[in-house]
Amino acid sequence: MIILDGKSLSLKVLEKVKKRVETLSVEPHLVVILVGDNAASKIYVNNKKKAAEKVGIRSTIIELEENISEEELISVVRKLNDDDNVTGILVQLPLPAHIDKNKIITVISPKKDVDGFTPENVGRLVTGLEPYYYPATPQGIIMLLDEYNIPIEGAEAVIIGRSNIVGRPMAQMLLRRNATVTMCHSYTKDIESKIKTADILVSAVGKKIVRCKMVKKNSVVIDVGIFRDTNGKITGDVDFDYVSSSAGYITPVPGGVGPMTIASLMYNSSKVYL
Ligand code: GUN
């Protein structure tokens, strides 16, 4: 069983991004909007800022009050769209309940949408056009699969979770690489029988779901989940000890998908479309 070392690949990717940034004629500038005081979001946003510093990308965090209105938030995004000194805009999710995230995301200029979440970038992804940016987590996962020369074409890929951030774009990116993709979610009947068919399994749920001897012999198990278990230990969706006896490759938590997501976001943030 081989551990897919996201930490070490992320360092390599960040090094490449740093070199690329040095060659750019326009200074990239990532602006991250953080609304309210979600503790986890604060940590994520600070990690993004630290990574940006490491690769020489200027970054700014705009912190806004929890009770900001949709209209006010839209006007902040519009100003950033129009600002030639800003090359990337990221609105950290989740947003407070009174704000419709889709309304906000739709306003972001597709050429500054480093998350790849706008309808234009999603539409480009789905139709086979080139998006300006691919969503960071699935892009980081593809980098990891490629690094270990894991074949995607013709593979049976099973994705658990249908979020706009991970599950859906992951499905589209694997489809583009000619995998056969099965999506599972909370209404899927008999998930276990689907999981058993997977050559590549991606779990993005946020709770321990892949825990039995469900996975196919020598399959590739990608664990996107990250949360604290009842003992306070950081863990993922997959019962690592159990599954590692049958999987061929597995991502650890922490040290797998997490660092790749950040590195992939930095890669996106180094792209400039002014
Ligand atoms: N919240 C959790 N993951 C993400 C992400 O990839 N992008 C944004 N904007 N918010 C998130």
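The values are calculated or read from the model by the stated rules, or taken from the named source; none is laboratory data. The structure displayed is predicted, hence computed values, not measured ones. Virtual Cβ from ideal backbone geometry, glycine too; neighbours counted across all protein chains shown. What goes into the accessible areas is simple: the full protein's heavy atoms, side chains included, and nothing from ligands, DNA or RNA. Shrake-Rupley method; radii C 1.70, N 1.55, O 1.52, S 1.80 Å.
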- line: When the range 15-39 is checked residue by residue, the ones that are surrounded by fewer than 18 Cβ atoms within 10 Å (Cβ to Cβ) and among the aliphatic types (A, V, I, L, M) are Leu24, Val26, Ala39
query: What are the residues in the range 139-161 that are without any contact (Cβ under 8 Å) to a residue 40 or more places away in the chain and surrounded by fewer than 18 Cβ atoms within 10 Å (Cβ to Cβ), if any?
result: Asp146, Asn149, Pro151, Glu153, Gly154
message: Please go through (1) within 12 Å of the ligand (Cβ to nearest atom); (2) polar (S, T, N, Q); (3) closer than 15 Å to Ile33 by Cβ for Ser69 and return the number of the only condition it doesn't satisfy.
response: (1)
task: Out of Val158, Val166, report the one residue that is within 16 Å of the ligand (Cβ to nearest atom) and at pLDDT 95 or above.
output: Val166
- request: Just name the residue that is farthest from Glu66 (Cα to Cα) out of those in the range 109-124 that are part of a loop (DSSP other than H, G, I, E, B) and either open to solvent by 10 Å² or more (accessible area, probe 1.4 Å) or basic (Lys, Arg) (or both).
  value: Lys111
Helices (runs of 4 or more DSSP H) within the range 180-274 that include 1 or more residues open to solvent by less than 30 Å² (accessible area, probe 1.4 Å) and either in contact with a helix residue (DSSP H, G or I) (Cβ under 6 Å, 6 or more places away or on another chain) or within 16 Å of the ligand (Cβ to nearest atom) (or both): 257-269
message: I want to confirm something. Restricting to the range 103-118 and keeping residues that are out of contact with any strand residue (DSSP E or B) (no Cβ under 9 Å at 6 or more places or on another chain) and within 24 Å of Ser203 (Cα to Cα), which single residue is nearest to the ligand (Cβ to nearest atom)?
response: Gly116
- prompt: Is the range 118-130 home to any residue that is of a type outside the set (Asp, Glu) and touching a residue at least 60 places away in the same chain (Cβ under 8 Å)?
  reply: no
statement: Residues of the range 77-98 being surrounded by fewer than 19 Cβ atoms within 10 Å (Cβ to Cβ) and over 17 Å from the mean Cα position of the chain (by Cα), in sequence order, are Arg78, Lys79, Asn81, Asp82, Asp83, Asp84, Asn85, Pro96, Ala97, His98
message: Among the listed residues Lys7, Lys42, identify the single one that is of a type in the set (Lys, Arg) and either open to solvent by less than 60 Å² (accessible area, probe 1.4 Å) or away from the ligand (no atom under 16 Å from the Cβ) (or both).
response: Lys7
task: Give just the number: which of (1) more than 30 Å from Tyr249 (Cβ to Cβ); (2) surrounded by fewer than 20 Cβ atoms within 10 Å (Cβ to Cβ); (3) small (Gly, Ala, Ser) does Ser59 not satisfy?
output: (2)
message: Being under 28 Å from Asp113 (Cβ atoms) and either over 19 Å from the mean Cα position of the chain (by Cα) or not in a loop (DSSP other than H, G, I, E, B) (or both) is the filter here; which residues of the range 132-152 pass it?
response: Ala136, Thr137, Pro138, Gln139, Gly140, Ile141, Ile142, Met143, Leu144, Leu145, Asp146, Glu147
message: With modelled with pLDDT under 95, β-branched (Val, Ile, Thr) and farther than 30 Å from Lys111 by Cα as the only criterion, which of Val221, Val243, Val238, Val253 stands out?
response: Val243
message: Under 6 Å between Cβ atoms, which residue pairs at least 6 apart in sequence (or on different chains) link something in the range 251-273 that is at positive phi with a partner that is surrounded by fewer than 18 Cβ atoms within 10 Å (Cβ to Cβ)?
response: Gly255/Lys7
message: Looking only at residues that are farther than 20 Å from Val166 by Cβ and not small (Gly, Ala, Ser) in the range 90-102, which one is farthest from the ligand (Cβ to nearest atom)?
response: His98
- prompt: Got at least one residue in the range 111-126 being closer than 15 Å to Val224 by Cβ and at pLDDT 95 or above?
  reply: no
